[in-house]
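In what follows, a structure is listed as structure tokens, so that the remarks can point back to it.
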Amino acid sequence: MFNHSTLSSLLNTNHNSTISRVRVWFQFTASISSLKVAWRKDHKLDQAIDNDKHYRLCARVVKEVLNEPGQVIPLRYLEKRRERLRLPVRIKTFMDRNPSLFELYLDRIRPKAEAVPFVRASLGLRRFLEEEERIRGENERVVVGKLCKLLMMAKDRVVSADKLVHVKREFGFPNDLLVSLVPKYPEYFRLVGSSGEGKLFLELVSWNEEFAESVIERKAKEEESLMGIRVRPAFDVKLPSGFFLKKEMREWIRDWMELPYISPYEDASNLDQASREMEKRTVGVFHELLSLSLYKRIPVPILGKFCEEYRFSNAFSTAFTRHSGIFYMSLKGGIKTAMLREAYKDDQLIDRDPLLEIKDKFVELLDEGHRKRAEQLRAQREAIQKDMELVAKRDGELN
């Protein structure tokens, strides 16, 4: 144990190198959680979240309709769900503003009842759904790889099935992941336990070295191949403009960066939870999880659901501000969202997940509807203008 007498004996040597070693020792052994970095707003990364606001809203309403029996719903029933859908306008107004998504038709809720307006997918939306199915089929191997990686990083190579279903949107998994995908790959996945809240688990059947390479390690190999010299795997650290770190924190990060990179796929059971090495491994897991996600960002509460599987500490979210050159924690929309800095240039994603083609097709559908609506409004304005000119001309002739 390092005690007061030991410290005194070291300091009494009056040797600069010894004092330096003592300073470094204190720096390394200080509680990691006590190393604070002030949070600083990044407007461009916040804007990246804002950019998808309308898309997410439209996708939410579409999902609500498609989840109904027969994929149709009475207009008035959908209107009652506005608050839950976080829709700021009436459903009819939303449909008018996004005319490419739905169509209205009259039908009866019960036999002999009066016909009322129903909402169903438009022809354009049905075509999009066919495109989505095609894109998912072409990228099924990508999804299988992601799922394997999530299990390979987890303790005991097992993750709660409920939790995986909960993060399907973040990683681009299909809605019926456990039914449509998992049974097709018995060489990789096995469901264990019983169905019920928190009692069913997805287990990795066999380890695949193809999936055991992290993004950090792959980039190092690519650089090594290009440069012809050995490149050590390391995090890409870029502090935002105007960001300031206190000297103590700068020194801690510098020395922490010098530690060998620990792959998130390595066994971490022997690492002390409070050690620098465990911090290195945890940051590596965060980096890999964010890299595997569609938008290179994940809400912090969702990451918190995996504390047990990935051995995160209770104060895991402080790592995102402590390593502000690697991550950014957005507070946009009142939700903490961890973002990978290197994945963005200003507010745009650099390295886009192949599954984002689905979003691109959906945005194209929305844009097509917006263009048609703009054309209709312009035609209406022109018709009104012509009518006004005719009235003015007629009045002039009468006078």
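The values are calculated or read from the model by the stated rules, or taken from the named source; none is laboratory data. Everything quoted here is computed from the prediction, not taken from an experiment. All Cβ positions, glycine included, derive from the backbone under ideal geometry; neighbour counts span all protein chains shown.
Quick notes on this one:
- Test: residue in region 349-356 that is among the β-branched types (Val, Ile, Thr), closer than 17 Å to Leu45 by Cβ, loosely packed, with under 13 Cβ neighbours inside 10 Å and touching a helix residue (DSSP H, G or I) at 6+ places or on another chain (Cβ under 7 Å): yes
- Of all the listed residues (Arg378, Arg341), the sole one being among the basic types (Lys, Arg) and either surrounded by 14 or more Cβ atoms within 10 Å (Cβ to Cβ) or under 15 Å from the mean Cα position of the chain (by Cα) (or both) is Arg341.
- Unique residue being among the aromatic types (Phe, Trp, Tyr) and within 24 Å of the chain's Cα centre (by Cα) when the list is Phe173, Phe118: Phe173
- Residue ID - surrounded by the most Cβ atoms within 10 Å (Cβ to Cβ), chosen from residues in region 299-337 that are among the polar types (S, T, N, Q) and not in a strand (DSSP E or B): Ser324
- Only residues that are touching a residue at least 12 places away in the same chain (Cβ under 8 Å) and among the polar types (S, T, N, Q) were counted in region 348-396, giving 1.
- The single residue among Leu239, Leu204, Leu191 that is surrounded by 14 or more Cβ atoms within 10 Å (Cβ to Cβ) and touching a Gly at 6+ places or on another chain (Cβ under 6 Å) turns out to be Leu239.
- Of the helices (runs of 4 or more DSSP H) lying entirely inside region 30-97, those containing at least 3 residues that are outside the structural domain of Ser313 (by TED's automatic domain parsing) and within 27 Å of the chain's Cα centre (by Cα) are 43-51, 53-66, 82-85.
- Filtering region 203-224 to residues that are over 22 Å from Ala343 (Cα atoms) and in a helix (DSSP H, G or I) leaves Glu209, Glu210.
- Number of the condition not met by Gly198 [criteria: (1) loosely packed, with under 13 Cβ neighbours inside 10 Å; (2) under 24 Å from the mean Cα position of the chain (by Cα); (3) at pLDDT 90 or above]: (3)
- The residue that is nearest to Phe286 (Cα to Cα), among those in region 185-233 that are hydroxyl-bearing (Ser, Thr, Tyr) and touching a residue at least 24 places away in the same chain (Cβ under 8 Å), is Ser214.
- Of residues in region 273-298 being surrounded by fewer than 18 Cβ atoms within 10 Å (Cβ to Cβ) and of a type in the set (S, T, N, Q), the one modelled with the highest pLDDT: Ser275
- Among the residues of region 239-259, not a single one is among the aliphatic types (A, V, I, L, M), within 23 Å of Phe211 (Cβ to Cβ), modelled with pLDDT of 90 or more and out of contact with any His (no Cβ under 6 Å at 6 or more places or on another chain).
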